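What follows is calculated from the coordinates using simple rules that are stated; it is not laboratory data. For clarity, every value in this text was computed on a predicted model and none was experimentally measured. Heads up, the Cβs are rebuilt from the backbone with ideal geometry, glycines too, and the neighbour counts pull from every protein chain shown.
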Amino acid sequence: MPSAFPSAVLGSGRPVTLRGAGHSCDGQTVTDSELLVTYAPDAAVRQVRDLDDGLIEVPAGMSWYGLERYLNRSGRAAPVLPNYLHMSVGGTLSVGGAGIDSVRSGMQVDHVERIQLIDGTGISRWCSRTDHPELFRFALGGLGTVGLIERAVLRTVPICQDTHMHRADHATLAELVEHAEQIAQRDDVDIYSASMRRGRLSSIVGRRGNGLRRCGEENCMIVSDPIRGRISHLRDVAAQFSDRVRLWTDYIVPVEQFAPMVATVETLLHRAPLNGVDPMLYILIVRRALDAPSFAFAPVRTAPVSIVVGLYTWGDRDPDVISATRHIFRDLLERCCELGGRPYLYGVTDLDTPLAERLYGTDLDRLAQLRSEHRLEHVNAHLPLVRAATRT
């Protein structure tokens, strides 16, 4: 897309919806008689700029797959990759971004040096911790509520060719929870994920390093493809159910609240009527640096270690089943809030004003002020977060 196009559209004053790849957004990027500003990943690689000291400037429309392949050719890698690599860079930075790398490297937004942000008048400005720091804090994890991320400067790391991956099966959910809590206390793990699917409970723990010794255990392997060693099988699971209704959401709670959050999930999954729903529980560990920024709406607070509890469902196209599933998500959102956690904002998040006020406090009022100051009233105005901020 021509570089002037997003600025012209946002500055036109017409109702606008911003969208990255549109992955699992629960209709938040579906428009009704509005302009839709989306990204063009095919042309993005030509706009990448290599900077000094491991920094790279990329267009926000670039996919993580395209960026990682680009980086790998020069011996570099992104510190954290999402599980689905065909999402856009700007889209995931607008929600936070987590993956199996997060057990060591935190959120994707933690590795952003600066962003170029377009406001509601079409003006583009660079934002960082020191330049327009408030916009920087509200934009990353802010779901496009303070403007469109046009470009981002990201920190990269040297690539590790080999990944030593060990899979463990767990007899009970309580055993899986205990294992995750133990991993969260360690500092020698590079990748981690766990899941519960159709009665099978398993986790993957890994470490990286070139020239790793082969492991002799049955559930252990060395993966030499840098990308394959840093993503999960989640996309393959989703592809099996393309003809069903997909309702996904994630909650992030402090590690000490992980067990009660999972207990709530387990209880609610036995609630009737959920016949015809195929649920999957997905777990990640997020360890952030002590000096990591505190973003206004990102799903991880300043706690050094948090755990992602993702509930992904595929259900029959039955209104009663869909309604029952959404009620479960609403109850889980309440429980997450009670436990001091936050939701990912991209999925099924029934965020009303009272709950938003409990989660975000005075940042909600400041969001309304920033949107007014930067003439953003016509941008993403339908989002629950915006409606809560403006009390509409």
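Points to keep in mind about this one:
- Fewest-first ranking of Ser7, Ser94, using other Cβ atoms within 10 Å as the exposure measure: Ser7, Ser94
- Cβ-to-Cβ counts within 10 Å put Val89, Val189, Val277, Val308 in ascending order as Val189, Val277, Val308, Val89, the fewest first.
- Spherically averaged projected area of segment 288-327 from its Cα convex hull (nm²): 4.1
- As a rough footprinting exposure proxy, the listed residues Thr392, Thr325, Thr264 were ranked by other beta carbons within 10 Å of their own, and the order from fewest upward is Thr392, Thr264, Thr325.
- For segment 324-392, the Kirkwood radius over C-alpha pairs fed into Stokes-Einstein at 4 °C and 1.567 mPa s yields D = 102 µm² per second.
- Nearest-20 debye value, segment 284-387 charge dipole, Cβ charges on Lys, Arg, Asp, Glu: 340
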